[in-house]
Amino acid sequence: MPKLKVDGIEVEVPQGATVLQACEAAGKEIPRFCYHERLSIAGNCRMCLVEVKPGPPKPQASCALPAADNQEIFTNTPMVKNAREGVMEFLLINHPLDCPICDQGGECDLQDQSVAYGRGATRYTENKRAVTEKYMGPIVKTVMTRCIQCTRCIRFAEEVAGVEEIGAIYRGEDMQITSYLEQAVTSELSGNVVDLCPVGALTSKPYAFEARPWELKKTLSIDVMDAVGTNIRLDSRGRQVLRALPRVNDDVNEEWATDKTRHAVDGLVRRRLDRPYVRRDGKLVPASWDEAFAAIAAVKAGDSVAAVHGDLVDCETIFAAKALVQAMGGSLLEGRQTGMDYDTSSLAAVNFNTTIAGAEQADAVLLVGTNLRWEAPLVNTRVRKAIKKGAKVFAIGPDVDLTYKVEWLGNDLSLLGKLPQVAADAFAAAKRPMVIVGGAALKNGQGASLALAKSLNLVRSLEDGSAWNGYNVLHFSAARNGGLLLGFAQAGGMADLYAANPKLVFLMGADEVDFGQLKKSFTVYVGHHGDRGAHHADIVLPGASYAEKSGTFVNLEGRVQRGERAVFPPGDAREDWTILRALSDHLGVTLPFDSLDELRAQMALDTPALGKLGLIAHDWNPPSLDTAGSGEITYPIKDFYLTNAICRASPTMQQCSAELLHGGDLAEAAE
């Protein structure tokens, strides 16, 4: 490990570290535009100049210079100061004075560093260069005259997103960043280039001219658009969430977020349920809370009651629904709306056991019935990392573009019984083999995949003594793992629930069930959007979305996380658990909690794993299942941008779906 001095401070850094990283280890701030710790080194902005001895008598780019023994680094000498001022002058030569109208204003690296490291006045008197705007799709707005050619967006698109649609044309002063043929960028991660851009050349199109950063209230939350559990920050003003940004969590999402996570928030204020409704003469009409509760109490369901939770609900809502159903004497609880009925007697057998971060270490990967790019884009980026380290990826299912090289073995689950030789050889030689089973294969292929896990020795001890579990089930519903922990799983799935013909059914944000099977049941929909569930319900009770309540969520790897309330629900809408608590009084089965803290305490008693944050350790004890599995696979997600009620209400997501997936033209007003 090299030892060197930075401004007289001795530091020791890992082999292969750069001088910039050594300076940061010594507590010194080094300005930079092109360098980013999660991207390859470009070394083209020259802002990170430092003085190095021994070495040539000139400043050197610290981001591209390896740290070595006995180096002496100086970060604040007159030479370094003059060099940085000169670089900043060149960067600002063509940069327009757009700060008053730029969406990056207030959180702009160029603003901050020009004040800290630039000259106090300009010496440039020539005409500035202008660059025409480029079209990059519904998510990214471009003002390319501001661009300083740091190439972060290019490197992100190529290295992380895997969609090589952003690049540079021309050379020298004429260099321009553009998308391929100036068409929309098709990556589901394209919004991340806005965070990466240090100057405001790439900004968020849906958020353009909406607010300044100092006007916004910032709330820590958890994303519910998929089961990854992306750590996000909701920025709100008044009673509206204006944007969602990712937070850094190396174990979950690193610092990335999908476009759905970022831009579905405009659906939070559209198609909202803001008052109770009761169905009279075949039509839903507005009613008071007392009228709605009285209509439910009049059903006289006895113990013939069931609850189905949707994909976006928190564990508190699921637990309150469970407590209400059990208090009424019922036991029908289900969350797998689309009909899956896999065995949940061992939660390790339906968990992502390798962990999201651990997927990077795999050296042989088999995807079974999962379009990983749509079902969990941020797990897909981890598999891309594994490939860069030499992993081989095989897949069973219909061919799709996963942004990396995949050897498709076929589209029949019977392949799990006998893997083709090329895959069998790769797994036999692998030290860290990994299988990812998607929802499309889980129902018919769970037994076969578990048998495969045993034959491939996916659960093993490594040479360093650590444990490796390469068997993974990929859920794509944020509420799924929490629901399974709380027992929302019938032995026969939704089919058994339908067959029981319950007199009263509570739909907790459940929009994907087969409503034709519930015609004989009195249905109560508790949710936040006027989507499919509300259209078919007999009673509609307006609930709160994930942004409007504090909630606990369990991601696909079994990590318990909590999000806080950013804004209040609209109109008469209330948090879901409070609705069920108030309803229990009218039903004569008062629930034993009056506050969120009391509810969480009861939930922790019922399910201790939900009592503390962090990764849940599941013992590997898979059930013995029928290993027969065959048939073609059909991926469950047909449209990445319209997977839930919030997305379907979002104009941005509708636009992305129409243009990026269905080839529609975007109509823009003339400027």
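The values are calculated or read from the model by the stated rules, or taken from the named source; none is laboratory data. Every value quoted in this text rests on a predicted model; they were computed, and no experiment measured them. Positions of Cβ are backbone-derived with ideal geometry, glycine not excepted, and every protein chain shown enters the neighbour counts. Areas reflect the complete protein model, heavy atoms only, side chains present, ligands, DNA and RNA absent. Shrake-Rupley method; radii C 1.70, N 1.55, O 1.52, S 1.80 Å.
Between the labelled values (1) 31.6, 117; (2) 26.6, 84; (3) 27.4, 88, the entry that holds Rg and Dmax of the Cα atoms in Å as derived from this structure is (3). With all protein chains kept in place, the per residue accessible area of the chain amounts to 41 square angstrom at a probe of 1.4 angstrom. Accessible area of Glu564 (1.4 Å probe, protein heavy atoms only, ligands and nucleic acids ignored): about 90 Å². For the cross-link pairs Lys217/Lys385; Lys3/Lys81; Lys519/Lys612; Lys205/Lys392; Lys385/Lys638, the ones whose C-alpha atoms lie over 31 Å apart are Lys217/Lys385; Lys519/Lys612; Lys205/Lys392. Can you tell me how segment 365-411 classifies by the Cα gyration tensor, rounded, prolate or oblate, using a/c under 1.5 as the rounded cut? Judged from the Cα gyration tensor, segment 365-411 comes out oblate (a/c at least 1.5, b/c at or above a/b). The accessible surface of segment 38-105, taken with every protein chain in place and a 1.4 Å probe, is 61 percent carbon and sulfur. For a paramagnetic label modelled at 7 Å from the Cα of Asn501 toward its Cβ, which residues of segment 521-535 fall within the zone defined by backbone nitrogen distances under 13 Å? From segment 521-535, the list is 521-522. What is the sum of charges, Lys and Arg at +1 and Asp and Glu at -1, for the other residues whose Cβ falls under 14 Å from the Cβ of Thr145? Around Thr145, the charge tally is +1.
From the alpha carbon centroid of segment 519-594 to that of segment 149-180 is 45 Å. When Lys and Arg each count +1 and Asp and Glu each count -1, what net charge do the other residues less than 11 Å away from Ser521, Cβ to Cβ, add up to? Taking every Cβ under 11 Å from that of Ser521, the sum is +2. Positive end of the charge dipole of the chain (Lys, Arg +1 and Asp, Glu -1 on Cβ, about the Cα centre): tell me which of Ala386, Ala495, Tyr117 has its Cα farthest that way. The Cα lying farthest towards the positive end belongs to Tyr117. Here segment 455-568 is treated with +1 on each Lys and Arg Cβ and -1 on each Asp and Glu Cβ, and its dipole about the Cα centre works out to around 280 debye. FRET efficiency for the pair Tyr170 and Ala658, taken as 1/(1 + (r/R0)^6) with r the Cβ-Cβ distance and R0 = 30 Å, rounds to 0.40. From the residues Ser62, Pro2, Asn76, which one has its Cα farthest along the dipole of the chain in the positive direction, the dipole being from +1 and -1 charges on Cβ of Lys/Arg and Asp/Glu about the Cα centre? The one lying farthest along the dipole's positive direction is Asn76. Note on Met79 and Ser461: with the Förster distance fixed at 41 Å, the Cβ-Cβ geometry gives a FRET efficiency of about 0.15. Per atom type, segment 277-340 shows carbon and sulfur on 51% of its accessible surface, probed at 1.4 Å.
Placing dummy labels 7 Å off each Cα toward the beta-carbon, the span from Ser288 to Leu220 is 4.2 nm. Among the chymotrypsin sites (Phe, Trp or Tyr not before Pro) within segment 152-211, those in coil by DSSP and having at most 11 neighbouring Cβ atoms inside 10 Å are Tyr170, Phe209. Taken as Cα centroids, segment 228-289 and segment 411-447 sit 37 Å apart, rounded to the nearest whole angstrom. Once both labels are positioned 7 Å from their Cα atoms along Cα-to-Cβ, the gap between Ser630 and Lys454 label points is 2.1 nm. Please identify which residues in segment 235-254 have an amide N closer than 16 Å to a label point set 7 Å out from the Cα of Glu159, following the Cα→Cβ vector. Under 16 Å, as judged by backbone N against the label point of Glu159, lie 254 of segment 235-254. In the neighborhood of Gly410, defined by Cβ-to-Cβ distances under 15 Å, what is the net charge if each Lys or Arg adds +1 and each Asp or Glu adds -1? Result for the neighbourhood of Gly410: -3.
Here the gap between Ala428 and Thr338, fully extended at 0.36 nm per residue and compared with their Cα-Cα distance, gives a gain of 28.8 nm.
Rounded, prolate or oblate, given the Cα gyration tensor of segment 412-496, with a/c below 1.5 counting as rounded? In terms of gyration-tensor shape, oblate. Here the dipole of the chain is about 380 debye; that uses its Cα centre as origin and unit charges on the Cβ of Lys and Arg (positive) and Asp and Glu (negative). Residue ranking by accessible heavy-atom surface, 1.4 Å probe, largest first, among Phe74, Phe90 comes out as Phe90, Phe74. Sorting Arg373, Arg280 on solvent-accessible area from highest to lowest, probe radius 1.4 Å, gives Arg280, Arg373.
Helical runs (DSSP H, four residues minimum) scored at -39500 (n - 2.57) apiece and divided by the length of the chain put the mean residue ellipticity at 222 nm at -6500 deg cm²/dmol. How many percent of Cα pairs in segment 557-644 exceed 15 Å? That tail contains 78 percent of the Cα-Cα pairs. Going by accessible surface with a 1.4 Å probe and the largest first, Thr186, Thr75, Thr643 read Thr186, Thr643, Thr75.
Determine the share of segment 456-526's accessible area contributed by carbon and sulfur atoms, expressed in whole percent, with a 1.4 angstrom probe. Roughly 46 percent, rounded to a whole number.
Here's the picture: charge each Lys and Arg Cβ at +1 and each Asp and Glu Cβ at -1 in the chain, and of Ser584, Gly447, Leu97 the one pushed furthest to the positive end of that dipole is Leu97. First check a/c for segment 433-474, with a ≥ b ≥ c the square roots of the eigenvalues of its C-alpha gyration tensor; if it is under 1.5, answer rounded, and if not, answer prolate when a/b is larger than b/c or oblate otherwise. Cα axes put segment 433-474 in the prolate bin.
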